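One structure below.
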Amino acid sequence: MKNKKLILTVTAIGFAGFLAISYLAYNSLGPKYDKKDINISKDTSQDKEEETDTPTVQDKKAEKDFVVYDEKLNKVKLSDYKGRPVIVNFWASWCPPCKEEMPLFNKLSSKYKAEELTVLMVDLTDGQRETMDKAKKYILDNDYEMKILFDNDGTASINYNIIYIPRTLFIDKDGNIIEDHSGEITEDELKSQVQLLLSK
């Protein structure tokens, strides 16, 4: 009996001590965590205010330069066209969706002077499935008059992580990508993006 009472007494004292320590810890540490939470909340609201002030700057994505080649194997850089609006289309002659949208880009390239809007058709030339000869034959057979460039070194496809084609970039005169369109583009979508590009 005495042992049971002794055990109960020790247990009660231990539990009371645990409660006292917990209470003291909560009172001393609790306010610190509350203040920390408030600081985080304030910082977040300040960040949101800053984001709201400059949304257009954060939305813009700078172009990544690349080197491709014209039909005479002269090097051409994307950055050569900075100062004018540019549309870059990645394509290949074996790609059915690319072929479907080709007439739209051909028409567009003849509609504007190069200084107003430049259309660059970048052929993903891997030297096997797609060669310069295959691409040039396709353009010639269809009487297209667009500026065709060849990604012989793969720098364009690597820099833009091209996995699927067609893919079209709309780049403003300051070198910012305002739209990155994956897949075949419709005539209405193209017209809309061109209007937006020219308004920049």
Of the residues Glu116, Glu101, which is under 17 Å from Lys191 (Cα atoms), loosely packed, with under 12 Cβ neighbours inside 10 Å and among the charged types (D, E, K, R)? Glu116
Suppose the filter is touching a helix residue (DSSP H, G or I) at 6+ places or on another chain (Cβ under 9 Å), crowded, with 17+ Cβ neighbours inside 10 Å and in the same structural domain as Glu101 (by TED's automatic domain parsing); does Thr186 pass it? no
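Criterion first (without any contact (Cβ under 8 Å) to a residue 40 or more places away in the chain, surrounded by fewer than 18 Cβ atoms within 10 Å (Cβ to Cβ) and in the same structural domain as Lys72 (by TED's automatic domain parsing)) does Ser109 satisfy it? It would help to see each step written out before you state the result.
Details: without any contact (Cβ under 8 Å) to a residue 40 or more places away in the chain: yes; surrounded by fewer than 18 Cβ atoms within 10 Å (Cβ to Cβ): no; in the same structural domain as Lys72 (by TED's automatic domain parsing): yes.
No, not satisfied.
The values are calculated or read from the model by the stated rules, or taken from the named source; none is laboratory data. As the structure is a computational prediction, the values presented were derived from the model and not from experiment. Reconstructed Cβ throughout: ideal geometry from the backbone, glycine too, with neighbour counts over all protein chains shown.
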